[in-house]
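Data block below; observations after.
The values are calculated or read from the model by the stated rules, or taken from the named source; none is laboratory data. Small disclaimer: the values here were computed from a predicted structure and weren't measured. Glycine gets a Cβ as well: all are built from the backbone with ideal geometry, and neighbour counts include every protein chain shown. For the accessible areas, the whole protein counts, side chains as well, though only heavy atoms, and no ligand, DNA or RNA atoms are used. Shrake-Rupley method; radii C 1.70, N 1.55, O 1.52, S 1.80 Å.
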Amino acid sequence: MLGLLLYCRSGFEKDLAAEVQDKASQLNVFGYVKLIADSGYVVFQCYQPEEADKLAKELNFSQLIFARQMFATSQLIEEMDVSDRLSPLLATSANFPLCGDLRVEYADTSEGRELSKFCRKISVPLRQQLRKTNQLTHKENASKPVLHVFFTATDAAYIGYSYSNNNSPLPLGILRLKFPHDAPSRSTLKLDEAFQTFIPKSEHEDRLRGSLHAVDLGACPGGWTYQLVRRSMFVEAVDNGAMDQALMDSGLVTYCPEDGFKFKPKKNNIYWLVCDMIEQPQKVAKLMAQWVASGRCKEAMFNLKLPMKKRYESVQESLAIIANEIHAQQAGLYQLQIKHLYHNREEVTVHLRLIPK
């Protein structure tokens with residue numbers, strides 16, 4: 001195998017490249033990144049090709065910030081005969097491990113999406129041939145690796161595999177959500193995606209249940225408050241702007257016209273702190289860590305707005321601030337999850353909570 005192919009949002013290729021080089025070097029795997037600006041993917045090419053499989057197994061996908069999907073890949077197969085694309089794909093994948101699923105995909109860009117119909121069409125005969133040659137199980141098997149084909153053009157594709165316990169189960173690595181017609185802003189999708197991404201479904205009834213108390217800093221007009229209210233939580237909405245009237249009429253929202261950086265809850269029953277304020281990421285990171293470390297809330301979900309350049313470095317600075325703040329308050333061990341979600345733009349979403357002693 002050549003190395004890793006990783007998907008990302010168009011425009012974040014350099015940030016993903018910086019991240020994968022950093023994380024791979026921590027595993028003593030070295031190489032270089034090949035990327036095309038705004039392409040929606042990068043290729044990390046290992047200096048030692050046999051180490052691609054090691055990365056596919058040991059580079060923890062869930063801890064990658066900017067990656068939507070990841071798989072070990074061969075060289076780009078180019079200039080395929082359009083009358084027989086299957087033969088080079090089958091030949092290249094002949095030595096892959098037996099796979100339990102096939103995904104034929106493309107980049108999430110305007111150019112990439114033009115390949116969607118083609119990818120759906122070719123996936124049927126490709127799946128059939130892979131099963132005939134015993135490269136794919138006859139029924140989907142979630143315990144086996146996943147075989148990936150990533151088309152960059154109708155006659156060019158990368159082919160490879162990922163391990164089912166170390167990839168995204170979602171098509172293109174994207175969780176698509178429908179915008180609620182009564183939500184006050186599209187930002188509501190960010191928190192909905194964050195809850196579904198970071199909180200295991202089996203724990204929703206406990207950690208996202210109705211009657212919990214929450215604080216939304218920088219709440220107006222109420223996109224994030226909407227997600228809390230739809231789960232029947234009591235919310236203190238902190239902002240100097242105007243809140244959506246329907247949310248106020250719910251009877252679950254208390255409006256607090258205050259500065260989010262100065263607000264202090266009057267009671268010690270806050271479970272969730274959420275925040276989507278437009279502020280420097282380091283400043284927001286410190287505030288969130290202070291709330292969690294001091295016990296003002298049990299869990300925090302917040303966005304860090306990133307600069308146009310060196311986004312990965314900016315995130316690392318914010319994470320160091322969180323670690324230092326929790327250590328300074330001797331709060332103990334903590335869980336932190338961070339991801340550039342599909343519904344994010346120039347920001348990443350962070351989930352933070354202390355680990356019970």
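Given Leu212, Leu228, Leu208, which one is in contact (Cβ under 8 Å) with a residue 60 or more places away in the chain and either crowded, with 19+ Cβ neighbours inside 10 Å or of a type in the set (Phe, Trp, Tyr) (or both)? Break it down into steps so the answer makes sense when it comes.
On the way: Leu228 fails: in contact (Cβ under 8 Å) with a residue 60 or more places away in the chain; Leu208 fails: in contact (Cβ under 8 Å) with a residue 60 or more places away in the chain.
The conditions single out Leu212.
Counting only residues that are open to solvent by 40 Å² or more (accessible area, probe 1.4 Å) and in a helix (DSSP H, G or I), which one in the stretch 1-22 is farthest from Ser164 (Cα to Cα)?
Lys14
Six or more apart or on different chains, Cβ under 7 Å: which pairs go from a residue in the stretch 318-344 that's on the phi > 0 side of the Ramachandran plot to one that's of a type in the set (A, V, I, L, M) and not in a loop (DSSP other than H, G, I, E, B)? Could you list them?
Sorted first by the residue in the stretch 318-344, then by its partner, the pairs are Gly332/Leu354.
Hey, can you tell me all the residues within the stretch 236-255 that are closer than 14 Å to Ala214 by Cβ and either among the basic types (Lys, Arg) or touching a residue at least 60 places away in the same chain (Cβ under 8 Å) (or both)?
Listed by number, the list holds a single entry, Leu247.
Considering only helices (runs of 4 or more DSSP H) fully contained in the stretch 137-238, which possess at least 1 residues that are over 24 Å from the mean Cα position of the chain (by Cα), closer than 30 Å to Glu111 by Cβ and modelled with pLDDT under 95?
Answer list for the stretch 137-238: none.
Can you tell me which of (1) among the polar types (S, T, N, Q); (2) exposed (fewer than 15 other Cβ atoms within 10 Å of the Cβ); (3) over 27 Å from His204 (Cα atoms); (4) touching a strand residue (DSSP E or B) at 6+ places or on another chain (Cβ under 6 Å) is the one Asn269 doesn't meet?
(3)
Just checking: which of the strands (runs of 3 or more DSSP E) contained wholly in the stretch 23-75 hold 1 or more residues that are in contact (Cβ under 8 Å) with a residue 24 or more places away in the chain, in contact with a Gly (Cβ under 8 Å, 6 or more places away or on another chain) and surrounded by fewer than 23 Cβ atoms within 10 Å (Cβ to Cβ)?
Fully inside the stretch 23-75 and qualifying: 31-35, 41-46.
Do we find that Glu258 is in contact (Cβ under 8 Å) with a residue 12 or more places away in the chain and either open to solvent by less than 10 Å² (accessible area, probe 1.4 Å) or under 21 Å from Lys305 (Cβ atoms) (or both) in this structure?
So Glu258 passes the test.
Give the residue, chosen from Phe263, Phe198, that is touching a Lys or Arg at 6+ places or on another chain (Cβ under 8 Å) and either crowded, with 17+ Cβ neighbours inside 10 Å or not charged (D, E, K, R) (or both).
Among Phe263, Phe198, only Phe198 is touching a Lys or Arg at 6+ places or on another chain (Cβ under 8 Å) and either crowded, with 17+ Cβ neighbours inside 10 Å or not charged (D, E, K, R) (or both).
Are any residues in the stretch 117-136 open to solvent by 10 Å² or more (accessible area, probe 1.4 Å), in a helix (DSSP H, G or I) and of a type outside the set (D, E, K, R), and if so, which ones?
Phe118, Ile122, Ser123, Val124, Pro125, Gln128, Gln129
Just one of (1) acidic (Asp, Glu); (2) closer than 27 Å to Phe44 by Cβ; (3) in contact with an Asp or Glu (Cβ under 6 Å, 6 or more places away or on another chain) trips up Glu140, so point out which.
The single condition Glu140 does not satisfy is (2).
Would you check if there is a residue in the stretch 81-98 being of a type in the set (Ser, Thr, Tyr), open to solvent by 40 Å² or more (accessible area, probe 1.4 Å) and either at pLDDT 95 or above or under 25 Å from Val20 (Cα atoms) (or both)?
Going residue by residue through the stretch 81-98, those that are of a type in the set (Ser, Thr, Tyr) are 83, 87, 92-93.
If we keep only those that are open to solvent by 40 Å² or more (accessible area, probe 1.4 Å) too, we end up with 83, 87, 92.
Keeping just the survivors that are either at pLDDT 95 or above or under 25 Å from Val20 (Cα atoms) (or both) gives 87, 92.
Looking for residues that are of a type in the set (Ser, Thr, Tyr), open to solvent by 40 Å² or more (accessible area, probe 1.4 Å) and either at pLDDT 95 or above or under 25 Å from Val20 (Cα atoms) (or both), one finds at least one in the stretch 81-98, hence yes.
Could you check the stretch 99-114 and list, in sequence order, the residues that are open to solvent by less than 20 Å² (accessible area, probe 1.4 Å) and hydrophobic (A, V, I, L, M, F, W, C)? Before you say what the answer is, go through the steps one by one.
The initial filter retains those residues of the stretch 99-114 that are open to solvent by less than 20 Å² (accessible area, probe 1.4 Å), namely 99-100, 102, 105, 107, 109, 112.
Listed by number, the residues that qualify are Cys99, Leu102, Ala107.
Can you give me the ranges of the strands (runs of 3 or more DSSP E) entirely in the stretch 245-355 with at least 1 residues that are modelled with pLDDT of 95 or more and either closer than 24 Å to Ser168 by Cα or charged (D, E, K, R) (or both)? Before the answer, list the steps.
Working: elements: 253-256, 270-275, 299-305, 334-339, 347-354.
The qualifying strands (runs of 3 or more DSSP E) are 299-305, 334-339, 347-354.
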